[in-house]
1. Once you have the Cα-Cα distance between W275 and S243, take 0.36 nm times their residue separation minus that, and quote the gain in nm to one decimal.
2. Taking the chain as a Gaussian network, where each spring joins two C-alpha atoms under 10 Å apart, which residue of R222, R105, R174 fluctuates the most?
3. Mind checking which of T11, L60, V39 is farthest towards the positive end of the stretch 1-83's charge dipole, using Cβ charges of +1 (Lys, Arg) and -1 (Asp, Glu) about the Cα centre?
4. Please list 3J(HN,Hα) in residue order for the stretch 59-64, calculated via the Karplus relation 6.51 cos²θ - 1.76 cosθ + 1.60 where θ = phi - 60°; whole Hz, with x for glycine and proline.
5. About the Cα centre of the stretch 94-186, what is the dipole size in debye to 20, counting +1 per Lys and Arg Cβ and -1 per Asp and Glu Cβ, all else neutral?
6. Compute the distance from the alpha-carbon center of the stretch 37-112 to that of the stretch 237-257, in whole Å.
7. Roughly how big is the chain's charge dipole about its Cα centre, with Cβ charges of +1 (Lys, Arg) and -1 (Asp, Glu), in debye to the nearest 20?
8. Taking the alpha-carbon distance from K251 and a cut-off under 29 Å, which lysines remain once sequence neighbours fewer than 8 residues away in the same chain are dropped?
Amino acid sequence: MMTTASVIVPTYNRVQSLKRTLCSLVQQDYPAESFEVIVVDDGSNEDTAEIARGTWPFDLQFVRQDHKGGTQAKNLGASIAKGEHLFFLDDDIEVSAHYLSSMIRRYQDAEKAIVMGRLVQVPLDPISVFGRIYSEQINAAEQSNLRDEYPFIECLGGFFSVKRDHFFELGQLRGIGGGWPNWEDLNFAYTAYQNGYVFLRCQAALGYHHDYSICDRKRYWRRWEVCSELAALLFRENPGLFSKTVTYYDKAPVSLSRDPLALIARKVFRAFTAWEPVLKGTEGAIELLERYHPSPALLRPLYRWMNSTYIFRGYRAGLRKYGVAVQP
């Protein structure tokens, strides 16, 4: 039987997590002989190759590259894939039994499409107060999201699908700057958006995300800070993208000639809350609440504001570093 789908799983030092991902693919209701799984090891220190020596119902290819990052790993997997449809799946995500079959059926609704399922945050053990509240918030938002389409800015690099020919026509995944996170997903999705692609959500294709970054709120916020520094470079390369990403709208420098008064006030207040003494004070208040009164009603807005503050800090650092000042 012809291979119609290729699942590309980049991995790095996550043998147990990778096994969990692969075991979920064993449970697919899509014929095992119709899809392949390509594991691309990004130079792990662990013996990831031992997984490939096991017995799997589907065709499993194991490829190893030097430590070049997840973007290169995904592109490498795509280059050797034989399936008509490419599925990019991170090694910390389990998928439901209908993942492949329902996603492939979704392509019947559009010729040029980027298809994504629904991602559910899995409570981790032990779970932090931040992790619990964050997971509940994300899952509640996901359960209420019943739209058949989604904005391109919500495309997730570790949980989307595209036809193989289209992937290469759009120029593959391209990261911004080095390291990770590097905006590979938004960069790719924006190119697809500009070329008239639609972004379809498949409600039946569930992914269960074991995201360990949410165990530590400081590490989570720091990731957004690093990501937002590179956002300045992303907007320099794609000037039209800035107005599409509302996250950074009130984090750009004040423009007295263009900004309405309310936006100027908001930007000034952003700068004040990112001032080191204020930042430390807010973090201290969060620590006290987590210890003595971990109320979601109190902590949820504080978490949201702190995350936004770290985004502000990162973006402003990026503007200084790259000499970019994008305005809507």
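Read the figures in this text as sums done on the coordinates, not as results from a lab. Values in this document were obtained by computation on a predicted structure and should not be read as measured data. When we count neighbours, we look across all protein chains shown, and the Cβ atoms used for this are built from the backbone with ideal geometry, even at glycine.
1. This chain segment gains 8.9 nm when fully extended.
2. Judging by the Gaussian network model, the answer is R105.
3. Looking along the dipole axis, the top candidate is T11.
4. 6, 10, 9, 10, 10, 10
5. 100 debye
6. Computed from Cα coordinates, the inter-centre distance equals 35 Å.
7. Result for the chain is approximately 1320 debye, rounded to the nearest 20.
8. By straight Cα distance, K251 reaches K218, K267, K280, K321.
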